[in-house]
Amino acid sequence: MGRARKVVLAYSGGVDTSVCIPYLKKEYGVEEVVAFAADLGQGDELEGIKEKAIKSGASKSIIANLVKPFIEDFAFPAIRSNALYQGKYPLSTALARPLIARKLVQIARELNADGVAHGCTGKGNDQVRFDVTIGALAPDLKLLTPAREWGMSREETIAYGEKYGIVPPVSKKTPYSIDLNLLGRSIEAGPLEDPFQMPAEEVYGITSSISNSPDEPELVDISFEVGYPVAINGERLDPVSIIKKANSIAGRNGFGRLDIIEDRVVGIKSREIYETPGLLLLIKAHQEIESLTLPADLLNTKFRLERQWANLVYQGFWFSPLKEALDGFINCSQQQVNGTVRIRLLKGNADVIGRKSSNNSLYISDLSTYGSDDNFQHKSAEGFIYIWGLPNRIWSWINKS
């Protein structure tokens, strides 16, 4: 395909992506590197990032505010899908990657670049998500992956950068690798690589410890319309504000910490710590309102497809025919998912204590009650059970006679 002349680099401001800039120019012969950083609600982490990219040799530095599409187009569909990878992880980091890759391709098109690049290493999941997404959206663009190919140790990478004026960070020293966005934090490496060692309290940043959380329970009402969370405690909020408020309420009560062994796409297991207070709270409430408003066969089928949906997103297939087809099923399933769930938060726990739906509840008190208002046709049960168990009795007659 030849040498790339202009490349747009997915830039985080860290050592690896900063070193990618001179490396692309010196080792790959790229004439111009444009640095692109995504604002996903990580706050202070973006401070000084434009200046750092330019000092590292980028011809241009772009920061795109993607918070709104991140929540509306990626996080909210995940809530409707009850998306939990391996039944635990709510994809807080994974959901951001197809959005970043999509914007990377868009910028490359706008600037008439002939290539894109990222700084992912060969051991993580993000390389898969970026590569697969870029291949789906822009197979004609050259894809450069220097950090996967340069074979340098951490020390060698820092030394290479210093030759081109890239100063390694001198802020707080931490052995951990941390990724942050509005949906939460992921923490790995350092002492956490021993899966038997309890995480130190210092790894957490947006959830309170049990000892520091309130001693009294806090009740929160979460309302849904067609499967989307729309209000907290009766206050209607836009999607970004819903996530922020859910983060605040759950986080201060110590809810939303995960410590899991995760199966990476590349075939290895890793120990991961996640803080996803708001997202986990909203998924928990959504699962409960579905239990009230959807019939059993639909719930059972959706449960199986939810796992598949989460696997596809985790593995990098956000833009795929199967994911699109599953989206159609999930969208159809959510039309009657309306109502409110009440959750009690206390010392790291979130317990559902109430649920209601004015127009779509399938819980009929006249049928469920054991009191005098009972309208269930008890005599009908005998014929139902006869038909229901008939195949089993036939098998017994034939094989046990």
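What percent antiparallel are the DSSP beta bridges of the chain, to the nearest 5?
Values: 36 of 53 bridges.
Of all bridge pairs located within the chain, approximately 70 percent are antiparallel.
Between L219 and S248, what's the calculated FRET efficiency when r is the beta-carbon distance and R0 is 25 Å? Round to 0.05.
On the way: r = 15 Å, r/R0 = 0.60.
That gives a FRET efficiency of 0.95.
In whole Hz, what ³J(HN,Hα) sequence does region 18-30 give by Karplus (6.51, -1.76, 1.60; θ = phi - 60°), x for Gly and Pro?
5, 5, 4, 5, x, 5, 4, 6, 7, 9, 9, x, 6
For the pair I364 and D44, what calculated FRET efficiency results from E = 1/(1 + (r/R0)^6), where r is the Cβ-Cβ distance and R0 = 51 Å, to the nearest 0.05?
Details: r = 52 Å, r/R0 = 1.02.
Approximately 0.45, to the nearest 0.05.
Tabulate in residue order the Karplus-calculated ³J(HN,Hα) for region 360-376, using 6.51 cos²θ - 1.76 cosθ + 1.60 with θ = phi - 60°, rounded to whole Hz; enter x for Gly and Pro.
Karplus values, whole Hz, x for Gly and Pro: 10, 5, 8, 7, 10, 4, 5, 8, 8, 5, 9, x, 5, 8, 4, 10, 5.
Nearest 10 degrees is fine. How inclined is helix 380-399 to the longest principal axis of the chain, computing both from alpha carbons?
80
Through the Karplus equation 6.51 cos²θ - 1.76 cosθ + 1.60, θ set to phi - 60°, convert the phi angles of region 131-140 into ³J(HN,Hα) values in whole Hz; use x for Gly and Pro.
4, 5, 5, 4, x, 6, 8, 8, x, 7
Quick one: divide the alpha-carbon radius of gyration of the chain by 2.2 N^0.38 Å and tell me what you get.
Working: Rg = 25.2 Å, N = 401, 2.2 N^0.38 = 21.5 Å.
Cα Rg divided by the expected 2.2 N^0.38 Å: 1.17.
Could you list I210, I398, I100 in order of exposure, starting from the residue whose Cβ has the fewest other Cβ atoms within 10 Å?
I398, I210, I100
Anyone know which of V167, V203, V265 comes out most mobile in the 10 Å Cα GNM of the chain?
V167
Can you list residues from other chains, or at least 5 along the same chain, whose modelled amide H is less than 5 Å from the amide H of T207?
Correct list: empty.
Tell me, what are the semi-axes, in whole angstrom and largest first, of the equivalent ellipsoid of region 177-356 as set by the roots of 5 times the Cα gyration tensor eigenvalues? Walk me through the numbers on the way to the answer.
Numbers: eigenvalues 151, 116, 36 Å².
Largest first, region 177-356 gives 27, 24, 13 Å.
Would you mind checking the pairs K25/K60; K88/K142; K26/K142; K244/K356 and listing those with alpha carbons more than 26 angstrom apart? Provide the component values of the computation, followed by the final result.
Values: K25/K60 14 Å; K88/K142 36 Å; K26/K142 17 Å; K244/K356 24 Å.
Violating the 26 Å limit, Cα to Cα: K88/K142.
Connecting C-alpha atoms closer than 10 Å in a GNM of the chain, tell me which of R129, R252, R154 has the biggest fluctuation.
Top of the fluctuation ranking is R154.
If you count the DSSP beta bridges with both ends in region 6-163, what percent of them are antiparallel, to the nearest 5?
Numbers: 1 of 18 bridges.
Roughly 5 percent of the DSSP beta bridges within region 6-163 come out antiparallel.
What's the angle, to the nearest 10 degrees (0 to 90), between helix 277-293's Cα axis and the longest principal axis of the chain?
30
I need C332, C120, C20 ordered by Cβ neighbour count within 10 Å, fewest first. Write out the running numbers ahead of the final one.
Details: C332 9, C120 22, C20 32.
The order, fewest Cβ neighbours first, is C332, C120, C20.
To make sure I understand the rule: partners must be aspartates and glutamates, Cα under 13 Å from the Cα of K284, and not fewer than 8 residues away in the same chain. Which ones qualify?
D221, D351
Taking the dipole about the Cα centre of region 177-356, with the C-beta of Lys and Arg at +1 and of Asp and Glu at -1, give me whichever of P229, L292, L322 is farthest to the positive side.
Working it through, the farthest residue towards the positive pole turns out to be L292.
Which of these, G316, G57, G234, has the largest mean-square fluctuation under a Gaussian network model of the chain (Cα springs below 10 Å)?
Checking each option, the largest mean-square fluctuation is seen for G234.
Could you tell me how many degrees, from 0 to 90 and to the nearest 10, lie between the Cα long axis of helix 239-252 and the main elongation axis, the longest principal axis, of the Cα atoms of the chain?
It works out to around 80 degrees.
Taking Cα centroids, how far is region 40-107 from region 252-284 in Å?
Rounded to whole Å, the Cα centres lie 18 Å apart.
Every number in this text was worked out from the coordinates using simple rules, so none of it is lab data. Predicted model only: the values in this text are computed from it and were never measured. FYI the Cβ positions are ideal-geometry reconstructions off the backbone, even for glycines, and counts take in every protein chain you see.
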